[in-house]
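A short worksheet on the structure shown next.
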Number of protein chains: 2
Amino acid sequence: MEKVDKIFHNNELNPNVSVDCVIFGFDFEKLNVLLIDRGSNVGPRLALPGNLIYDSENLNQAGSRVLDELTGLKNIYLEQVGAFGDPDRINNKSDQEWLKSIRAEPTARVITVAYFSLVKMDDYLPQASSFAKTAEWVSVNEITELAFDHMDILNAAKDKLKEKIKTQPIGFNLLPEKFTLSQLHRLYESILEKPLDKRNFRRKIQKLDIVSSIKEKQRGVPHKPSQLFIFNQEKYQLLTETGFDNFGF
Amino acid sequence: MEKVDKIFHNNELNPNVSVDCVIFGFDFEKLNVLLIDRGSNVGPRLALPGNLIYDSENLNQAGSRVLDELTGLKNIYLEQVGAFGDPDRINNKSDQEWLKSIRAEPTARVITVAYFSLVKMDDYLPQASSFAKTAEWVSVNEITELAFDHMDILNAAKDKLKEKIKTQPIGFNLLPEKFTLSQLHRLYESILEKPLDKRNFRRKIQKLDIVSSIKEKQRGVPHKPSQLFIFNQEKYQLLTETGFDNFGF
DNA sequence: CTTACTTTGTGTCATTTTAACACTTTCAAA
DNA sequence: TTTGAAAGTGTTAAAATGACACAAAGTAAG
């Protein structure tokens with residue numbers, strides 16, 4: 001009985017539950033993911049950032065915390081992908097050893113709750129970081145192997161993002177405040193992994209009326225400068241309130 | 001080290017992780033959910049069926065097991081909804097007591113992984129059951145209060161089902177092998193919670209070509225008997241292989 | 001200063017999809 | 001035989017989609 005209260009309200013790491021984050025960034029060309037380099041002593045070097053949860057925080061808070069601890073970023077778009085928990089997801093000795101090296105707790109059977117988040121790549125430049133863990137942006141298309149079951153998690157996150165962006169304008173979280181329609185176009189193509197006709201794309205976006213052009217153009221580009229736009233939060237609110245439920249991509 | 005292996009490969013209940021199942025059934029009129037009646041000693045009497053997981057099973061297996069233990073059903077459509085884990089999801093004394101009464105383990109901070117499953121209601125008739133736990137079908141629209149955070153889970157499951165049925169023909173899991181188009185129509189209306197034009201619905205389904213009429217009609221109904229159909233798995237496979245990705249509801 | 005290069009930005013048309021809508025048919029029960 | 005109740009069926013107007021090509025606006029290089 002005493003034990004119940006202690007376990008229930010303490011502020012310790014829960015040895016059985018972790019969160020892992022698939023942090024997406026967009027470099028105006030392709031989609032990238034922020035990965036941890038675990039060094040050369042383990043199986044696949046690269047892994048998703050993650051950690052055990054504290055018993056005092058909820059899952060979203062744990063996801064935000066992992067993101068914050070790695071990048072220093074707060075108030076980031078974050079969405080749960082799901083729970084992953086094969087008993088053998090930590091399936092080799094060196095991975096178990098690595099986990100023990102970064103965690104206070106021994107390596108029990110862990111289920112992990114995966115999140116994906118969308119950040120502006122400029123907000124986190126790995127080389128400028130002084131954090132102990134080394135993180136790096138890797139193009140999603142070049143990732144073929146990750147630690148543990150992180151490849152499954154990445155794929156699930158990609159699928160979730162694909163579905164989500166078809167119905168909600170979350171892509172703007174990956175772009176700076178001011179952006180061009182071409183950048184938005186390339187973003188959608190990167191996420192959906194298929195080409196979209198330029199004119200049809202622009203027509204659809206403009207019809208939705210959720211971006212507004214501003215009195216400013218691209219500068220210093222060696223070609224016709226592009227009109228800049230901003231995301232129009234208010235108009236999107238209006239849309240959703242009238243029962244709108246997808247963008248039809 | 002010894003402890004690691006013991007924790008990792010044992011076959012005990014994991015005190016920190018549970019699964020809960022939203023089991024949907026369709027009575028040709030409306031959508032129902034199978035709920036546990038916890039009796040009158042606790043807050044809300046009704047709860048989703050669920051249990052702690054064993055360290056030796058994966059999450060899907062745990063979901064299937066909970067479903068099987070309650071209904072005796074196997075090989076049921078099951079899909080993860082997500083993880084729920086507010087530290088205060090078990091927020092009153094009587095609920096803690098109740099949990100302790102049905103579980104060997106004390107009530108630690110638990111995160112739960114929610115699943116939804118689709119069953120043919122006829123396959124589980126509560127009154128005919130001899131299980132100790134009493135379960136009952138309750139119309140989703142009449143559920144206003146559930147134990148713990150189960151109302152949140154139910155709502156998330158409903159949303160997930162809505163999204164899923166727009167892109168995959170999972171509704172057939174809720175119907176008998178032979179069904180009428182009107183039954184399928186009412187099923188879609190129940191799940192999507194909006195009326196669908198009868199003629200447009202039938203046209204869409206028939207165009208998709210994933211149901212086949214059989215040489216048999218409804219019998220004994222006091223009106224024009226309906227043509228019976230079966231779900232055509234092969235044609236659906238063909239559809240998905242050619243990049244098809246939604247039904248457009 | 002002219003040319004070459006690169007990306008932006010724009011409109012039409014044919015086809016498909018959607019939404020709205022009402023009456024006849026077929027059976028059982030009274 | 002009449003009544004009631006659900007099944008089954010087609011058209012049309014409006015909207016959305018997909019396919020497609022060329023002129024405009026800037027920088028860079030010579």
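Every number here is computed from the coordinates shown, using simple stated rules; none is lab data. In this text the structure is predicted, and so the values were computed from the model without any measurement. With ideal geometry, Cβ positions are generated from the backbone for all residues, glycine too; neighbour counts draw on all protein chains shown.
Which lysines does B:LYS93 reach when only Cα atoms under 26 Å apart count, and residues fewer than 8 places away in its own chain are ignored?
Once the sequence-local lysines are set aside, what remains near B:LYS93 is A:LYS3, A:LYS6, B:LYS133.
Is there a simple number for the mean count of other chain Cβ atoms within 10 Å of the Cβ of residues in A:77-85, and what is it?
Partner-chain Cβ atoms within 10 Å, mean over residues of A:77-85: 5.
Have a look at B:SER40, B:SER117, B:SER64 and tell me which one the Gaussian network model of chain B (Cα, springs below 10 Å) gives the largest fluctuation.
Residue with maximal mean-square fluctuation among B:SER40, B:SER117, B:SER64: B:SER40.
Using the Cα gyration tensor of the protein assembly as shown, with a ≥ b ≥ c the square roots of its eigenvalues, what is the shape: rounded (a/c below 1.5), prolate (a/b larger than b/c) or oblate (neither)?
Here the protein assembly as shown falls in the oblate category.
Report the net charge of residues surrounding A:LEU125, where surrounding means a beta-carbon distance below 13 angstrom and charges are Lys +1, Arg +1, Asp -1, Glu -1.
Counting the neighbours of A:LEU125, the net charge comes to -3.
To the nearest 20 Debye, how big is the dipole of the range A:2-167 about its Cα centre, given +1 on the beta carbon of each Lys and Arg and -1 on that of each Asp and Glu?
Dipole of the range A:2-167, to the nearest 20 debye: 60 debye.
Could you sort the peptides A:47-56, A:194-203 by per-residue average Cβ neighbour count (10 Å cutoff), highest mean leading?
Most protected by this proxy first, the peptides run A:47-56, A:194-203.
What does the charge count around A:SER139 come to, taking other residues whose C-beta lies under 13 Å from its C-beta (Lys +1, Arg +1, Asp -1, Glu -1)?
The answer is -3.
Taking each residue in A:86-96, count the Cβ atoms of any other chain within 10 Å of its Cβ, then average. What number comes out?
If you average over the peptide's residues, the count of other-chain Cβ atoms is 2.
Quick check: pseudo-label points 7 Å beyond the Cα along Cα→Cβ at A:ASP122 and A:SER101, how many nm apart are they?
Here the modelled spin labels are 3.7 nm apart.
If you take each beta carbon of peptide A:56-62 and count the beta carbons of other chains within 10 angstrom, what is the mean?
4
Run the helix sum for chain B: -39,500 (n - 2.57) per DSSP H stretch of 4+ residues, divided by residue count, reported at 222 nm to the nearest 500 deg cm²/dmol.
-10000 deg cm²/dmol
From the label point of B:PRO195, set 7 Å from Cα along Cα→Cβ, how far away are the matching label points in the other copies, in nm, ordered shortest to longest?
B:PRO195 label point versus its equivalents elsewhere: 4.5 nm.
Report the FRET efficiency, 1/(1 + (r/R0)^6), for A:MET151 and A:GLU193, where r is their Cβ-Cβ distance and R0 is 25 Å, rounded to 0.05.
Calculated transfer efficiency: 0.90.
Looking at chain B, send over the antiparallel percent of its DSSP beta bridges, to the nearest 5.
75
Quick check: residue separation of A:ASP88 and A:ARG203 times 0.36 nm, minus the Cα distance between them. What number comes out in nm?
The A:ASP88-A:ARG203 span can extend by a further 36.5 nm.
Please report the net charge: other residues with Cβ closer than 9 Å to the Cβ of B:PHE84, K and R +1, D and E -1.
-3
Output the pairs from A:LYS30/B:LYS164; B:LYS30/B:LYS162; A:LYS162/A:LYS194; B:LYS30/B:LYS160; A:LYS166/B:LYS207; A:LYS158/A:LYS235 with a Cα-Cα distance over 20 Å in this structure; if there are none, say none.
With Cα atoms farther than 20 Å apart: A:LYS30/B:LYS164; A:LYS166/B:LYS207; A:LYS158/A:LYS235.
At B:GLN218, label 7 Å along Cα→Cβ: distances to the other copies, nm, ascending?
List, nearest first: 6.1 nm.
Label-point separation (nm) for A:LYS166 and A:TRP137, each offset 7 Å from Cα along Cα-to-Cβ?
Distance between the two pseudo-spin positions: 2.8 nm.
Starting with the highest mean, order B:227-239, A:72-84, A:221-233 by the number of other Cβ atoms within 10 Å, averaged over the residues of each peptide.
Order by mean packing, descending: A:72-84, B:227-239, A:221-233.
Could you list the residues of the range B:217-249 with an amide nitrogen less than 17 Å from a label point located 7 Å from the Cα of B:LYS178 in the Cα-to-C-beta direction?
Counting backbone N atoms under 17 Å from the label point, the list is B:217-232.
Label position 7 Å from Cα toward Cβ: report the copy-to-copy distances for B:TYR77 in nm, one decimal, ordered from shortest.
3.0
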